[in-house]
Amino acid sequence: QVRLVESGGGLVQPGGSLRLSCAASGSIFSIYDMGWYRHAPGKQRELVARIITSGGSTDYADSVKGRFTISRDNAKNTVYLQMNTLKPEDTAVYYCNAKLVAGTTHRYLEVWGQGTLVTVSS
């Protein structure tokens, strides 16, 4: 079984920074990509950023370009999201996502973390 464990959420003032981490564990053969989605009250879940583990290609939502940076440590099966110049509209539950091949079954899986709350408020 594969798990994603997130950390790093919390309360921050507008203009502040937070760093989210997501570590994948379990029986993993390979990870195609890892990313972060967010779900704010009254809104649909949206992609924030994702990174292809092979090559490091990235993709960002327009609303976070220039403020957020996604990175990965392939050796640790971990992805990070550095969030700078945070705005109240960034307030949401952030979910880690991974698309991978399981180690024992070699089946393609899409796995989600439990979510971590980010609140941007003065």
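Per residue, the chain exposes 53 Å² of solvent-accessible protein surface, assessed with a 1.4 angstrom probe and all protein chains in place. Across the accessible surface of the chain, with the other protein chains kept in place and a 1.4 Å probe, carbon and sulfur atoms take up 48 percent. Here the Gaussian network model covers the chain, with springs between Cα atoms less than 10 Å apart; of 82, 44, 13, 44 fluctuates the most.
The values are calculated or read from the model by the stated rules, or taken from the named source; none is laboratory data. This one's a predicted model, so the numbers in the text were calculated from it and none came from an experiment. Ligands, DNA and RNA are stripped out before the accessible areas are found, and what is left, the full protein with its side chains, is counted by its heavy atoms. Shrake-Rupley method; radii C 1.70, N 1.55, O 1.52, S 1.80 Å.
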